[in-house]
Amino acid sequence: MRLPLAALLLPLAPALTSCAVFEALGGIPYAEKTVTLPPAVSGTTALDCVASSVQSLRERNGFWMAVSRRDDGLGVLETGQYPASNLSGFRLRARVDEPRRQLRLQLKAGGLYYVDLGAKPGAAALAAAVDACLASAAPRDPPGPTAAR
(Lines give C-alpha, C1' and ligand atoms only; values in the text may rest on other atoms or scores of the structure.)
Protein backbone atom coordinates (compact mmCIF):
# COMPACT_ATOMS: atom_id res chain seq x y z
CA MET A 1 0.00 0.00 0.00
CA ARG A 2 1.35 3.34 -1.03
CA LEU A 3 0.42 6.56 0.84
CA PRO A 4 0.12 9.86 -0.99
CA LEU A 5 2.80 12.43 -0.26
CA ALA A 6 0.27 14.70 1.47
CA ALA A 7 -0.53 11.94 3.98
CA LEU A 8 3.17 11.62 4.79
CA LEU A 9 3.65 15.38 5.23
CA LEU A 10 0.49 16.00 7.26
CA PRO A 11 2.05 15.01 10.62
CA LEU A 12 4.89 17.48 9.95
CA ALA A 13 2.60 20.44 9.26
CA PRO A 14 2.38 21.72 12.87
CA ALA A 15 6.16 21.64 13.26
CA LEU A 16 6.72 23.42 9.96
CA THR A 17 4.23 26.21 10.66
CA SER A 18 4.48 26.63 14.43
CA CYS A 19 7.47 29.01 14.34
CA ALA A 20 5.74 31.37 11.94
CA VAL A 21 2.55 31.28 14.01
CA PHE A 22 4.51 31.83 17.24
CA GLU A 23 6.28 34.88 15.82
CA ALA A 24 3.08 36.27 14.31
CA LEU A 25 1.50 36.13 17.77
CA GLY A 26 4.34 38.24 19.17
CA GLY A 27 6.32 35.40 20.69
CA ILE A 28 9.76 36.63 19.67
CA PRO A 29 11.66 38.35 22.51
CA TYR A 30 11.49 42.07 21.84
CA ALA A 31 12.44 45.36 23.48
CA GLU A 32 12.29 48.97 22.45
CA LYS A 33 14.09 52.15 23.53
CA THR A 34 13.85 55.77 22.45
CA VAL A 35 16.90 58.03 22.45
CA THR A 36 16.61 61.82 22.28
CA LEU A 37 18.69 63.41 19.54
CA PRO A 38 20.78 66.44 20.53
CA PRO A 39 19.62 69.62 18.71
CA ALA A 40 22.41 69.88 16.13
CA VAL A 41 22.84 66.15 15.37
CA SER A 42 21.58 65.06 11.94
CA GLY A 43 19.71 61.87 11.19
CA THR A 44 22.73 60.61 9.24
CA THR A 45 24.98 61.16 12.25
CA ALA A 46 22.43 59.37 14.44
CA LEU A 47 22.49 56.34 12.10
CA ASP A 48 26.30 56.47 12.09
CA CYS A 49 26.17 56.23 15.89
CA VAL A 50 23.79 53.27 15.71
CA ALA A 51 26.05 51.47 13.21
CA SER A 52 29.20 52.05 15.27
CA SER A 53 27.42 51.02 18.48
CA VAL A 54 26.18 47.79 16.89
CA GLN A 55 29.70 47.06 15.63
CA SER A 56 31.08 47.58 19.13
CA LEU A 57 28.45 45.27 20.63
CA ARG A 58 29.16 42.66 17.91
CA GLU A 59 32.82 42.60 18.93
CA ARG A 60 31.81 41.64 22.47
CA ASN A 61 28.87 39.38 21.60
CA GLY A 62 28.64 37.55 18.28
CA PHE A 63 24.85 37.30 18.50
CA TRP A 64 24.57 40.93 17.35
CA MET A 65 23.88 40.94 13.61
CA ALA A 66 25.61 43.19 11.06
CA VAL A 67 23.91 46.09 9.29
CA SER A 68 21.84 44.69 6.42
CA ARG A 69 19.94 47.82 5.35
CA ARG A 70 20.50 51.53 5.66
CA ASP A 71 18.48 54.31 4.05
CA ASP A 72 19.55 57.76 5.22
CA GLY A 73 16.74 59.40 3.23
CA LEU A 74 14.11 57.44 5.15
CA GLY A 75 16.12 57.53 8.38
CA VAL A 76 16.17 53.73 8.77
CA LEU A 77 18.91 51.27 9.66
CA GLU A 78 18.35 47.52 10.10
CA THR A 79 20.55 44.62 11.08
CA GLY A 80 20.27 40.90 10.47
CA GLN A 81 17.44 40.99 7.95
CA TYR A 82 15.15 42.50 10.62
CA PRO A 83 11.78 41.77 8.93
CA ALA A 84 12.58 38.08 8.32
CA SER A 85 11.12 35.48 10.63
CA ASN A 86 12.76 32.62 12.46
CA LEU A 87 16.32 34.00 12.63
CA SER A 88 18.50 33.81 15.73
CA GLY A 89 20.42 36.76 17.10
CA PHE A 90 20.03 40.40 18.05
CA ARG A 91 18.27 42.11 15.14
CA LEU A 92 17.61 45.82 15.17
CA ARG A 93 15.53 48.43 13.40
CA ALA A 94 16.47 52.04 14.13
CA ARG A 95 14.23 54.87 12.90
CA VAL A 96 15.04 58.57 13.05
CA ASP A 97 12.08 60.84 13.82
CA GLU A 98 13.49 64.27 12.91
CA PRO A 99 10.42 66.35 13.89
CA ARG A 100 10.40 64.85 17.38
CA ARG A 101 14.22 64.69 17.57
CA GLN A 102 14.07 61.04 18.55
CA LEU A 103 15.70 57.78 17.55
CA ARG A 104 13.52 54.69 18.01
CA LEU A 105 15.43 51.44 18.60
CA GLN A 106 13.46 48.19 18.13
CA LEU A 107 15.33 45.01 19.05
CA LYS A 108 14.42 41.38 18.40
CA ALA A 109 16.55 39.03 20.50
CA GLY A 110 15.50 35.46 19.81
CA GLY A 111 17.67 32.39 19.94
CA LEU A 112 16.83 28.81 19.06
CA TYR A 113 13.17 28.08 19.75
CA TYR A 114 12.73 31.78 20.54
CA VAL A 115 14.76 31.69 23.74
CA ASP A 116 15.27 35.26 24.93
CA LEU A 117 18.90 36.25 24.34
CA GLY A 118 18.38 39.30 26.54
CA ALA A 119 16.12 41.71 24.67
CA LYS A 120 15.74 44.23 27.50
CA PRO A 121 19.40 44.33 28.60
CA GLY A 122 20.46 44.36 24.94
CA ALA A 123 18.22 47.32 24.14
CA ALA A 124 19.49 49.14 27.24
CA ALA A 125 23.14 48.52 26.28
CA LEU A 126 22.51 49.67 22.72
CA ALA A 127 20.65 52.81 23.85
CA ALA A 128 23.48 53.69 26.27
CA ALA A 129 26.12 53.22 23.56
CA VAL A 130 24.15 55.27 21.02
CA ASP A 131 23.48 58.00 23.60
CA ALA A 132 27.19 58.24 24.42
CA CYS A 133 28.07 58.43 20.72
CA LEU A 134 25.47 61.13 20.10
CA ALA A 135 26.77 63.16 23.04
CA SER A 136 30.29 63.05 21.62
CA ALA A 137 29.02 63.92 18.12
CA ALA A 138 27.01 66.93 19.25
CA PRO A 139 28.73 70.26 18.65
CA ARG A 140 29.91 71.92 21.82
CA ASP A 141 28.95 75.46 22.72
CA PRO A 142 32.02 77.68 22.65
CA PRO A 143 33.17 78.73 26.07
CA GLY A 144 31.75 82.01 27.26
CA PRO A 145 33.82 85.16 27.36
CA THR A 146 36.26 85.29 30.22
CA ALA A 147 36.16 88.24 32.53
CA ALA A 148 39.08 90.61 32.21
CA ARG A 149 41.23 90.80 35.29
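The values are calculated or read from the model by the stated rules, or taken from the named source; none is laboratory data. Owing to the predicted nature of the structure, the values given are computational and were not obtained by experimental measurement. As a convention, Cβ positions derive from the backbone with ideal geometry for all residues, glycine included, and neighbour counts pool all protein chains shown. For accessibility, only protein heavy atoms count, side chains too; no ligands or nucleic acids. Shrake-Rupley method; radii C 1.70, N 1.55, O 1.52, S 1.80 Å.
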Completion exercise
Given a Förster distance of 22 Å, the FRET efficiency implied by the Cβ-Cβ spacing of TYR30 and VAL76, rounded to the nearest 0.05, works out to 0.80
Problem - Euclidean distance between Cα centres, segment 84-105 to segment 69-83, Å - result: 8
Practice task
Report the residues of segment 66-91 in range of a label on GLU98: point 7 Å along Cα→C-beta, backbone N strictly under 18 Å from it.
Solution key: 70-77
Exercise for the section: Counting only heavy atoms of the protein chains, get the accessible area per residue of segment 38-149 (1.4 Å probe) and round it to a whole Å² value. Expected result: 57
